[in-house]
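> Below: one structure in structure tokens.
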Amino acid sequence: MNVRYLSGFRVLLSSFVLALPFSAQGQSAMQRVRLKNEVVVATDATYPPFEYVENGKVIGFDVDLGAEIGKEIGISFRFQSLEWAGVLGSLESGKADLVMSGVTITQERKQKGYLFSRPYFLSGQTIARRKGDTRIAHLSDLKDKVASVQQETTGQIALEKAGVPKDHILKFDQLQDGLTDVQNRKSDAAVADLPALTRILKRSFPDLELVGGVEVSENVGIVAWKGETELIARVNKALERIMADGRYAAIHAKWIEERLPLSTLAGLEKVKGDGSPVSEIGSDNQVAPPTLGAVSSPLSSRLTVSEILKPLVRGASLTLQLTFYTLLFGVPVGLIVALMRMSVIKPISLIASVYVEIIRGTPLLMQIYVIYFVLPSIHINLNAFISGVLALSLNAAAYISEIFRAGIESIDSGQMEAAKALGMDYRTAMRYVILPQTVRRILPPMTNEAVSLLKDTSLVSVVALAEIMRVGKELATNSGEPTRIYLTIAVVYLVLTLPLTMLTRFLEQKWKPVSRG
Amino acid sequence: MQFPSLSPSDSALDSVLSVQDLRKSFGSNEVLKGINLNVKEGEVIAMIGASGSGKSTLLRCINRLETPTSGEIRYRNQPVSNDNVTKLRREIGMVFQRFHLFPHLTVLQNLTLAPLKVLHKTQTEMHTRAMELLERVQLAEKANAFPGELSGGQQQRVAIARALALSPSVLLFDEPTSALDPELVGEVLGVMRDLASEGRTMIVATHEMGFAREAAHRVIFLHAGQIHEEGTPSQVLENPQQPRTREFLARVLNR
């Protein structure tokens, strides 16, 4: 199902966390839950039918199940949607108490310290192909073909285990992208878990079909960070009751569109209170594949314009706020860093150089991770918006400082000399003579920076900020018409960036007579 | 006016400006090799010499746009140092070869900026004063123009007015007409002649021998970083004693 294995990046971050002298968490999840009287559940809501966004709300199988568990425990569950890449990390940093995101239970994952509930869903990997492409019936048929997967998922693992060469496996951020690739004949088949594929194919990919039959079966569980045995015990108790009294079957019937494969429930019933799964990837003890209900014809449910625009406008507003605050802090900090870097006092210019080199030399995504997920381990726990603005500002400031530096250095040295000869000190000369000219001159590169910053804000979706790109992805996963959604997003971005470029042009015109001589 | 040439030690006390054994090197290149100079109140000194003889460097050392390698500069008997130079620069104005007007400010703002920010004068006070100065350089009608809209000669006149706005005691001119088209030189020299005749203390690095002859009290010939010859304009320009001076004058006058 969804992503199971630590990517190299997360391993790197984990070791960073381990190297810090403090414990990774100030409070246990149980303490936090008692304090806030709610359970924060991290999820990547682009995974129908388990979790996806409709009308601005996260809904799905996991959400309904979580609500029932909450009722049993007596504490409400709040779902927070973020990019998969940030989902599991939010447990480690204490930003979330549980993860319900269709996470497969694996031995490797347990060794990493994640604690799983008893399995609550039996799923399996299956193959989607173009209609009538009978060359493909089993995973082994893909050995000499090209297959798409969502990266770091058990679909990828299944292909690798089936002996498909790594360079024949295309890894996409989202399952939908992989399916589009198959549809566009760039790859031959996609491998992913059955419920998600069934649902997505129905809604969005009429030209694709499921091969039928499950290639690898796997168990899905709720995840907590290590040591949260009390929380997991409570969740398990609740799950057992919900499964026993029919509520589980009702939720299953509601969300899983094919007829409930009896073996799924049977598989679950085999599991007793110790939480050990029936089967795991790599174990020999696999459950017989559940049979697959007939896939019905695609639903036609075009979203209305307002259904698309409303959430996008909300997302755009967050994008604008992020951009605004980032520039508000990034520009002054950038100026200060530029002045520090030009300082004749060596240690000061060294500090500024090191800052600029570190920021420029590392990816923005990494910086966002560190601020949101790693800082809590030294007891600096910032909310998502502040983390996002902080990371973006620190990043933008480094680039802006270089723009300022180049701009200041491009001003004729005679200007500073004339100002000094008139009795001005460095500050006064900078403020009234050098910087006003610099600002006029750096307007074009600054506009560039602002526009690319506006677009870079999409990276903060890993810390659960629903800016426009994230909102768009969530919409696209459920709409069945990703093309229309993505084109709309492109237009919204244009609408956001055009005023910036127009303002620049206006100011350049206004200052034209001044820049001569 | 005649200024008898005195030895430095005698005249240093009543000088506005005195330079003692000033040396300046850029890397291994020694540009000034021990300059001694005393400037009296109201004195106009024309400094001549070939390019690279050190004229500019001497002027820039006086108001510390360059830091001297060794030697001392005194303004009204007070040593000029990095600590007090910002204050002293209000007293020692400078006009540059390439004007260096502030292109983002109007002519009027160019004149008022430093008095407003450095002397903390009021806007109305400075406006009146700036307009007076612009009248004097005959550019009152350009008060609201930007420097980029003016000719070179007009720009240099604005630059002179800008230097005057702080009411300095001494004015340093670093080849003020060298960047001008020949037909624009006259208007700038006219303004400078007026200033000289008003008794303002001026040190002018120049290639304009006519100005040196008519407006200066003393002419200094700089050669290879040293004062090679000095005296009244008639002494230096009409009856030079040193072969180097004669060579230089022959070159500039016959061009």
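> Can you tell me which of B:S18, B:S28, B:S167 moves the most in a GNM of chain B? Springs connect C-alpha atoms under 10 Å apart.
Comparing B:S18, B:S28, B:S167 in the GNM, the peak value goes to B:S28.
> Right, next: What FRET efficiency comes out for the pair A:A250/A:L487, r = Cβ-Cβ distance, R0 = 51 Å, nearest 0.05?
0.85
> Moving on to the next point. Count the net charge of all other residues whose Cβ sits under 14 Å from the Cβ of A:L507, scoring Lys and Arg as +1 and Asp and Glu as -1.
+4
> May I ask for the distance between the Cα centers of the range B:155-227 and the range A:152-195, given as a whole number of Å?
The two parts, judged by their Cα centres, are 81 Å apart.
> Here is a further query. If you rank B:S70, A:S101 by fewest surrounding Cβ atoms within 10 Å, what's the result?
Going from sparsest to densest Cβ surroundings: B:S70, A:S101.
> Of B:F146, A:F324, B:F102, how do they rank once you tally other Cβ atoms within 10 Å and put the fewest first?
Ranking B:F146, A:F324, B:F102 by Cβ neighbours within 10 Å, fewest first, gives A:F324, B:F146, B:F102.
> Same structure, new question: Please give me, ordered by residue number, the trypsin sites (Lys or Arg not before Pro) of the range A:161-244 that lie in loop per DSSP and have at most 16 other Cβ atoms within 10 Å.
Here the trypsin sites (Lys or Arg not before Pro) that fit, given the DSSP loop and packing criteria, are A:R185, A:K186, A:K226.
> Compute, for the protein assembly as shown, the length of the dipole vector about the Cα centre, with Cβ point charges of +1 (Lys, Arg) and -1 (Asp, Glu) only. Units Debye, rounded to 20.
Using only the charged Cβ atoms, the result is roughly 460 debye.
> Also: Have a look at A:A128, A:A158, A:L170 and report the one farthest towards the positive end of the charge dipole of the range A:122-218, computed about the Cα centre with Cβ charges (Lys/Arg +1, Asp/Glu -1).
A:A128
> I'd like the mean, over residues of B:20-28, of how many other protein chain beta carbons sit within 10 Å of each residue's own Cβ.
0
> Roughly how tilted is helix B:107-118, in degrees to the nearest 10 and between 0 and 90, from the longest Cα axis of chain B?
Once rounded, the angle reads 80 degrees.
> Can you give me the C-alpha center-to-center distance between the range A:90-123 and the range A:370-401, rounded to a whole angstrom?
Rounded to whole Å, the Cα centres lie 26 Å apart.
> Tell me the mean residue ellipticity at 222 nm calculated for chain B from its helices only (DSSP H runs of n ≥ 4, each -39500 (n - 2.57), averaged over every residue, nearest 500).
Computed mean residue ellipticity for chain B: -10000 deg cm²/dmol.
> Separate question: Of the trypsin sites (Lys or Arg not before Pro) in the range A:429-493, which ones lie in a loop per DSSP and count no more than 12 other C-beta atoms within 10 Å?
none
> So how strong a dipole does the range A:305-510 carry about its Cα centre when Lys and Arg Cβ are +1 and Asp and Glu Cβ are -1, to the nearest 20 debye?
Approximately 220 debye in magnitude.
> Report the net charge of residues surrounding A:I59, where surrounding means a beta-carbon distance below 12 angstrom and charges are Lys +1, Arg +1, Asp -1, Glu -1.
That works out to -3.
> Determine, for each peptide in A:189-195, B:216-222, the mean count of other beta carbons within 10 angstrom over its residues, then list the peptides with the highest first.
Ranking the peptides A:189-195, B:216-222 by packing returns A:189-195, B:216-222.
> Next question, about the same structure. Size of the dipole of the range B:148-255 about the Cα centre, Lys and Arg at +1 and Asp and Glu at -1 on the beta carbon, nothing else charged, in debye to 20?
That gives a dipole near 240 debye.
> May I ask you to sort A:I136, A:I358, A:I442 by Cβ crowding, counting other Cβ atoms within 10 Å and putting the fewest first?
Ranked by crowding around the Cβ, least crowded first: A:I358, A:I136, A:I442.
> Looking at the square roots a ≥ b ≥ c of the eigenvalues of the Cα gyration tensor of the range B:45-113, which shape do they give, rounded for a/c under 1.5, prolate if a/b is larger than b/c, or oblate?
Verdict is oblate for the range B:45-113.
> With a ≥ b ≥ c taken as the square roots of the eigenvalues of the C-alpha gyration tensor of the range A:305-510, please select rounded if a/c is under 1.5 and otherwise prolate if a/b is larger than b/c or oblate if it is not?
oblate
> Could you check which residue among B:V85, B:V170, B:V107 shows the biggest mean-square fluctuation in a GNM of chain B with a 10 Å Cα cutoff?
Between B:V85, B:V170, B:V107, it is B:V85 that shows the largest mean-square fluctuation.
> Under 16 Å Cα-Cα from A:K131, which lysines qualify once same-chain neighbours fewer than 8 residues away are excluded?
Hits, sequence-local ones excluded: A:K186, A:K202.
> Of all DSSP beta bridges located in chain B, what percent are antiparallel, nearest 5?
55
Taken together, the values in this text are just the output of simple stated rules run on the coordinates, not laboratory data. For clarity, every value in this text was computed on a predicted model and none was experimentally measured. Cβ: placed from backbone, ideal geometry, glycine included. Neighbour counts: every protein chain shown.
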